[in-house]
Every structure is written in C-alpha cells, then in structure tokens.
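Undergrad: Here's a structure for you.
Computed from the coordinates by the stated procedures, all read-outs in this text should not be read as laboratory data. Keep in mind that what you see is a predicted model, and the values were worked out from it rather than measured. Heads up, the Cβs are rebuilt from the backbone with ideal geometry, glycines too, and the neighbour counts pull from every protein chain shown.
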Amino acid sequence: MMTKRAVFIKSTQGQSAFDQLLATGATIVLKGPKDFIYQGKNVIEIEGGNAGMTKGGTGDTLAGLIAGLYCTNTAEIAAAIGSFCNKQAGEVLAEKVGTFFNTSDLVQVLPEVVWGEYKAATA
C-alpha cells in the first residue's frame, strides 16, 4: 500500500528507489495525516494528530523520539511507538490550546503522553 505523496524514482533496472530501499531491510516512516511505517513487506498505519502537526519541527521531534526508542527496541517498534506518541501529544495539545501550538510545546507534553501510554499498557 503506497501513499499518494510518495515519489518514485526509477532506477536503471526498472525497480523504484523505494522498492530498492525496502529490499535492504530498512525501516521507513512516511509522516502525514496517517503515518505509514514500512519494514520489509509489513506496513503499519498510525492515525491521529491534527492540523497543528503540520508545522515545521514536528517531524524532527518524531525523528528524535524514534531514535531514542531505537536504543532499546527494534526499528519497527521504535517507529510505531514514536509515531503513535507523537500524534497523541499533538492531540493532547489540540484539546488544551487548539492547533496553535509549536514544536517546543509538543516536546513538553511528550513525557506525559509516553508515561500515560506506558501506565495504560502495563495496568
């Protein structure tokens, strides 16, 4: 399943650059209204977030979150948890202040969201 926003560059072998990248075993995250996480033939879709997440820096926050989680998890798990928590943080902020938040606000609520999700999962 591919998103409409994906850009494909044909290689000389006729295989798309995306397919070549997937063949390496890399985990790929496509951020959008619905995030798509590709790991080999597996595709995980993460829904959530809001228009406030379209600002510059939210992808950087997601990348940092995934990198931190990857220290103790597989890339696929880190990407899924990171994407979910990033979107949940955006939803928490939208409830508090609407979509008029910035990336530093997102970073401030992430610990609350991650801890809340952890407590819910281990209850």
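Undergrad: Note down the nm distance, to one decimal, between modelled labels 7 Å out along Cα→Cβ at THR54 and at ASN102.
TA: Those two pseudo-labels are separated by 2.0 nm.
Undergrad: Report the gain in length on full extension from THR122 to THR24: 0.36 nm times residue separation, minus Cα-Cα distance, nm rounded to one decimal.
TA: 31.9 nm
Undergrad: Would you compute, from DSSP H runs of 4+ residues alone, the mean residue ellipticity of the chain at 222 nm, taking -39500 (n - 2.57) per run and dividing by the full residue count, rounded to the nearest 500?
TA: -17000 deg cm²/dmol
Undergrad: Could you identify which residue out of GLY90, GLY82, GLY32 has the top mean-square fluctuation in a GNM of the chain using Cα springs shorter than 10 Å?
TA: Answer for the Gaussian network model of the chain: GLY32.
Undergrad: Same structure, new question: Hey, if you put +1 on the Cβ of every Lys and Arg and -1 on every Asp and Glu Cβ in the chain, which of ASN50, ASN102, ALA26 ends up farthest toward the positive end of that dipole?
TA: Projecting each Cα onto the dipole axis, the largest value belongs to ALA26.
Undergrad: For the chain, what number of Lys pairs, 8 or more residues apart or on separate chains, have alpha-carbon atoms under 23 Å from each other?
TA: Total qualifying Lys-Lys pairs in the chain comes to 18.
Undergrad: With equal scatterers on the alpha carbons only and no solvent term, can you work out the Debye log10 of I(q)/I(0) for the chain at 0.11, 0.12, 0.17 1/Å?
TA: Log-scaled intensity ratios, in q order: -0.41, -0.48, -0.88.
Undergrad: Placing +1 at every Lys and Arg Cβ and -1 at every Asp and Glu Cβ, with all other atoms neutral, what dipole size does the chain have around its Cα centre, in debye to the nearest 20?
TA: The calculation lands at about 340 debye.
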